[in-house]
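Undergrad: Let me begin by handing over the structure; questions about it come next.
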Amino acid sequence: MTRWYTPWLFLLPGLAVVVTFSLAPFVNMIVLAFTDATALGGGRFTGLANFQRMLDDPKFWLALRNSSLYLACIVPPLVVLPLLIALLVQKKLPGITFFRTAFFTPVIASAVVVGLIWTWLLDSQGLVNNVLRALGWISRPVPFLTDEWLLLFSAMLVTVWKGLGYYMIIYLAALGNVPNDLHEAAQVDGAGPIRRFFAVTVPALRPTMVLVAALSAVNGFRVFSEIYLLSGGSGGPGGANTSLVMLIQQTGTGLTGNVGYASALSLVLFVITLGLLLVTLRLNRREEAL
Amino acid sequence: MKRVARYALLLLVLAITIGPFLWQLSTSLKGAGEDVYAPDFVPSQPTFANYAGVAEAVPVWTFALNSLLVAVVNVVANCVGASMAGYALARLEFRGRRLAALVFASGILVPFEVILISLFLVMRSFGLTDTLAAVVLPGAIGALNVLLMRNAFLALQREVEEAAVIDGANAWQRFWRIAVPSARGTILVVALFSFMFSWDDFLWPLVVLSDPDNYTLTIGLAYLQGTFFQNQRLVAAGTIIAVAPLIVLFISLQKHFFRGVGEGAIKG
């Protein structure tokens, strides 16, 4: 007979890790958000002071703008491009496994590796500028990494490039579930491939597209590494490209870290990411109701 | 004709996805006398000197060893811990099971960036800041992996295990001799993704490590870029060292990576 505590012995390591290093810090973050705690410890309850400070903090609004813009710009290409690539590799042609594998490679590389590769490619003397110059399209190097806006868009480009293969696999799995007879029926009705794409594939894949939008939105809003690496850790000229997660990292760490304020920023980050997920769930439920 | 167009498009996407890696590889192999800025993909004086050079500039092999250590501990802890917890949730009857499942489910909902600062405080109160243990612990048993394992065990047939109960096997024997061998596909997925996340992680080691002796490869590379940006050959060699093991692992176990994406092993 199983003793009553046996299941808990199985669960103990997992529960200990998740509670100690995920749930407890989460609760603590909420508490700290209402205090003036510093890196040295201490902290008194200060009510909504951190949030009031946030409203007047231009750095917060800048970071919120950057992270929101990031999300808004990477979601459309990450919903559309991987779907097109998935359609491209869906057919079982000779060598298709090689292409699928190759397209997935950017996903497994770390953000640091990818960031450094693109920093080199987009350098004022890098390959991209040199090729553009050789083609005669530009006379002076494009300041991909030194212009405030171009840096942000370059980081987005890196995020999209790194995500293509991942969402391609998600779409491939979903495409496999689209009933073939729908395609055949449309073909019999004389619909061409483009018509069939919009009349059969897109409606069948809509829940997957919403899922991809949600995943890429949450990831985009939490952007850190790409901007950090392309800007060499500075967050762009004068910190103009700092994202919300970068601001949290800069505010809360180090000897002068303002833990209370950083926690308040973290709470805002959490509420927004949760909101994004809830909106998506809502969208998908409405799909099912229709 | 249609087939030709398809292959042309495939080659275009291939150039976009793989080209940047090849350019980095090419840069890392270029000799000191070559112009690294010239758009030549094939080095005219190929050399491995930059790989030796990067090791002289920063202790890149120490970084790699640290990364490897962190990743291996992460893999073992996740495979063992997540299997055990997943098995209890899927197969053992006890009071509080729903509560335990809820704990893991809420663990998934907490994005790492949100607890970054308070997690640092936890590590400091344990006296673990600037240690590799602090790098390993937060992801040592991922809540998502627990739920993946639970699903894998739920999908197994009950009959065999019930027969083992009649034969007098205890919970541990059933877990170890029957359930684990049958779920080894999912365990492999958990292992692969644990390795990848740990090897690729950047934000957390950046926050919790400060002594360069403890740096993992990702932090070491960012440090290398900050100090030796003028020498692109060295930075390129460093990135190739960091990405090569994963590429080898990925190519040899490619099917399982794709399966992992399907099962949701990558955090959203």
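The values are calculated or read from the model by the stated rules, or taken from the named source; none is laboratory data. Note that this is a predicted model, so its numbers are computed, not measured. Heads up, the Cβs are rebuilt from the backbone with ideal geometry, glycines too, and the neighbour counts pull from every protein chain shown.
Undergrad: Has region A:34-55 got any residue that is within 25 Å of the chain's Cα centre (by Cα), more than 14 Å from chain B (Cβ to nearest Cβ), part of a helix (DSSP H, G or I) and buried (at least 17 other Cβ atoms within 10 Å of the Cβ)?
TA: Taking every residue of region A:34-55 in turn, at least one turns out to be within 25 Å of the chain's Cα centre (by Cα), more than 14 Å from chain B (Cβ to nearest Cβ), part of a helix (DSSP H, G or I) and buried (at least 17 other Cβ atoms within 10 Å of the Cβ).
Undergrad: Another question about this same structure. With respect to B:Ile219, determine if the residue is within 27 Å of B:Ser28 (Cβ to Cβ) and modelled with pLDDT of 85 or more.
TA: Yes; evaluated as a whole, the condition is true for this residue.
Undergrad: Among the residues of region B:21-35, is there at least one that is under 30 Å from A:Leu88 (Cα atoms) and small (Gly, Ala, Ser)?
TA: Looking for residues that are under 30 Å from A:Leu88 (Cα atoms) and small (Gly, Ala, Ser), one finds at least one in region B:21-35, hence yes.
Undergrad: Something else: In region A:97-120, is there at least one residue being surrounded by fewer than 16 Cβ atoms within 10 Å (Cβ to Cβ) and either in a helix (DSSP H, G or I) or within 14 Å of another protein chain (Cβ to nearest Cβ) (or both)?
TA: Scanning region A:97-120 turns up at least one residue that is surrounded by fewer than 16 Cβ atoms within 10 Å (Cβ to Cβ) and either in a helix (DSSP H, G or I) or within 14 Å of another protein chain (Cβ to nearest Cβ) (or both).
Undergrad: Still on this structure, please answer the following. Where in region B:98-202 are the helices (runs of 4 or more DSSP H), entirely inside, with at least 3 residues that are in contact with a His (Cβ under 8 Å, 6 or more places away or on another chain) and modelled with pLDDT under 95?
TA: B:184-200
Undergrad: Please enumerate the residues belonging to region B:223-255 that are crowded, with 17+ Cβ neighbours inside 10 Å, within 21 Å of B:Leu206 (Cβ to Cβ) and modelled with pLDDT under 90.
TA: Answer for region B:223-255, where residues must be crowded, with 17+ Cβ neighbours inside 10 Å, within 21 Å of B:Leu206 (Cβ to Cβ) and modelled with pLDDT under 90: B:Tyr223, B:Leu224, B:Gln225, B:Phe228.
Undergrad: Within region B:46-55, identify whether any single residue is at the interface with chain A (Cβ under 10 Å from one of its Cβ atoms) and among the small types (Gly, Ala, Ser), and answer yes or no.
TA: No, there is no match, as no residue in region B:46-55 is at the interface with chain A (Cβ under 10 Å from one of its Cβ atoms) and among the small types (Gly, Ala, Ser).
Undergrad: Taking the conditions exactly as written (free of Cβ contacts under 8 Å to residues at least 40 places away in the same chain and either within 14 Å of another protein chain (Cβ to nearest Cβ) or in contact with a His (Cβ under 6 Å, 6 or more places away or on another chain) (or both)), does A:Leu78 satisfy them or not?
TA: Criteria not met by A:Leu78.
Undergrad: For residues that are surrounded by fewer than 17 Cβ atoms within 10 Å (Cβ to Cβ), under 18 Å from the mean Cα position of the chain (by Cα) and more than 8 Å from chain B (Cβ to nearest Cβ), scanning just region A:224-275, find the one that is modelled with the lowest pLDDT.
TA: Going through the qualifying residues, I end up with A:Gly275.
Undergrad: Tally time: how many residues in region B:73-102 are without any contact (Cβ under 8 Å) to a residue 40 or more places away in the chain and surrounded by fewer than 24 Cβ atoms within 10 Å (Cβ to Cβ)?
TA: 11
Undergrad: Select from region A:5-22 the residues that are over 31 Å from the mean Cα position of the chain (by Cα) and at the interface with chain B (Cβ under 7 Å from one of its Cβ atoms) and write down the one among them that is surrounded by the fewest Cβ atoms within 10 Å (Cβ to Cβ).
TA: A:Thr6
Undergrad: Evaluate region B:32-55: report whether one residue or more is in contact with a Pro (Cβ under 7 Å, 6 or more places away or on another chain) and closer than 27 Å to A:Thr119 by Cα.
TA: Within region B:32-55 (the criterion being in contact with a Pro (Cβ under 7 Å, 6 or more places away or on another chain) and closer than 27 Å to A:Thr119 by Cα), the answer is yes, since at least one residue qualifies.
Undergrad: Let me ask something else. Enumerate the pairs (first residue in region B:118-131 and more than 7 Å from every other protein chain (Cβ to nearest Cβ) and closer than 24 Å to B:Phe63 by Cα; second residue anywhere and part of a loop (DSSP other than H, G, I, E, B) and not small (Gly, Ala, Ser)) with beta-carbon separation below 7 Å, excluding pairs fewer than 6 apart on the same chain, so at least 6 apart or on different chains.
TA: B:Met123/B:Thr129; B:Asp130/B:Leu209; B:Asp130/B:Asp211
Undergrad: If a residue has to be of a type in the set (Ser, Thr, Tyr) and not in a helix (DSSP H, G or I) to count, how many in region A:56-71 make the cut?
TA: Of the residues in that region, 0 qualify.
Undergrad: Okay, moving on. What number of residues within region A:129-156 are crowded, with 19+ Cβ neighbours inside 10 Å and either touching a helix residue (DSSP H, G or I) at 6+ places or on another chain (Cβ under 8 Å) or at pLDDT 95 or above (or both)?
TA: 7
Undergrad: I've got another one for you. In region B:237-256, how many residues are more than 7 Å from chain A (Cβ to nearest Cβ), in a helix (DSSP H, G or I) and not hydroxyl-bearing (Ser, Thr, Tyr)?
TA: Residues in region B:237-256 being more than 7 Å from chain A (Cβ to nearest Cβ), in a helix (DSSP H, G or I) and not hydroxyl-bearing (Ser, Thr, Tyr): 10 in total.
Undergrad: Oh, and also: Could you pull out the residue among A:Leu93, A:Leu83 that is farther than 30 Å from B:Leu102 by Cα, within 14 Å of chain B (Cβ to nearest Cβ) and crowded, with 19+ Cβ neighbours inside 10 Å?
TA: A:Leu83
Undergrad: If we scan region B:5-17, do we find a residue that is of a type in the set (Ser, Thr, Tyr), surrounded by 11 or more Cβ atoms within 10 Å (Cβ to Cβ) and modelled with pLDDT of 95 or more?
TA: Within region B:5-17, one or more residues are of a type in the set (Ser, Thr, Tyr), surrounded by 11 or more Cβ atoms within 10 Å (Cβ to Cβ) and modelled with pLDDT of 95 or more.
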